[in-house]
Amino acid sequence: MAQQYSIYEAKARLSELLRKVKEGKEIVVTERGAPIARVIPYESDLSLDARLARLMSCGNIRPRSLKGDMPEGVQRPGGLKRFLQDRE
């Protein structure tokens, strides 16, 4: 189980927390008892596919659909137009 620290404690003990993370431990930072951040060891040896799979499993990214929801032959509007349409 990850150790939990409030924002205040994490700021005051940052060097100590980073030493723990270097040892492979996970730290959770909380605000008013609710988790807001997770500090984990950096894994530079993971392949791109492994990193993408981990991001997808956490819900941080989702796979791009190869078949869009637009009918064939219809151009997809630009990013700004889609943004403005979503706001309506």
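Across all Cα atoms of the chain, the radius of gyration (one decimal) and Dmax (whole number) stand at 20.0, 58 Å.
Mind giving me the FRET efficiency for SER6 and ARG54? R0 is 35 Å, r the Cβ-Cβ distance, nearest 0.05 is fine. The value I calculate is 0.85.
Across the chain, how many lysine pairs, 8 or more positions apart or on different chains, have C-alpha atoms separated by under 27 Å? Please give the number. Spell out each step's value before the answer.
Numbers: LYS11/LYS20; LYS11/LYS22; LYS11/LYS25; LYS67/LYS81.
Taking the Cα cut-off of 27 Å, the pair count is 4.
Can you give me the angle between helix 48-58 and the longest principal axis of the chain, using Cα atoms only, in degrees from 0 to 90, rounded to the nearest 10? Tilt of helix 48-58: around 80 degrees.
Each reported figure results from applying straightforward, stated rules to the coordinates on display, with no laboratory input. This one's a predicted model, so the numbers in the text were calculated from it and none came from an experiment. In this analysis, Cβ positions are derived from the backbone assuming ideal geometry, glycine residues included, and neighbour counts consider all displayed protein chains.
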